[in-house]
């Protein structure tokens, strides 16, 4: 276990591994959100075919598989071993070659690998040492390569919608999935990135409709995507 992810968070997502790929299961919101997230990233990379992408906190591989199906060379890393086992089994069944590794981004630094893009989707709100985490992401990116993050803004509205609404009222997520105190504002994310030499160059909000479909919006008040470059 590396030093950035809270141990309880790893155990939480390990417990969900068996149903991660059930589109109507506990990860249903991520299944619905995934095309928006990965499409937004692919567009800003002018396509991902032939490019190396590191998916940090990949879980059971929703984003990793989406990028792989678009022709990217994908490495996925996660501290949750059970989730990674589900990722490997699902990729093999789908005929996809994805390099899944157990651990955190810090564990990849020792082998000196660099990637054309580094993504961390719905991860930083589960991270204990954000400075170390973002420093590792930056160190794993090739010169000029972007970093992409998606996360939750810490606002009164996100507490009502993403915490109380999603977990307790609508039961879209298991109770305890998120700790609202760990949510991060775009300003805080930008400040945390600054020591790495990266700055946020683009932000987009993500909005869920009453039917559960996700779309891009200018409203950053709940879920948002960020691209950062040196």
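Key figures for this structure:
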item: Complete set of residues in the range 144-165 that are in contact with a helix residue (DSSP H, G or I) (Cβ under 7 Å, 6 or more places away or on another chain), at pLDDT below 80 and within 23 Å of residue 62 (Cα to Cα); result: 163
item: Selection count where residues are loosely packed, with under 15 Cβ neighbours inside 10 Å and part of a loop (DSSP other than H, G, I, E, B), scope the range 187-220; result: 8
item: Strands (runs of 3 or more DSSP E) contained entirely in the range 1-119, each with at least 3 residues that are at pLDDT 95 or above and crowded, with 22+ Cβ neighbours inside 10 Å; result: 52-56, 73-78
item: Test for residue 131: is it within 20 Å of residue 20 (Cα to Cα) and not in a loop (DSSP other than H, G, I, E, B); result: no
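The values are calculated or read from the model by the stated rules, or taken from the named source; none is laboratory data. These numbers were taken from a predicted model, which means no experiment stands behind them. Every residue, glycine among them, receives a Cβ derived from its backbone with ideal geometry; neighbour counts consider all protein chains shown.
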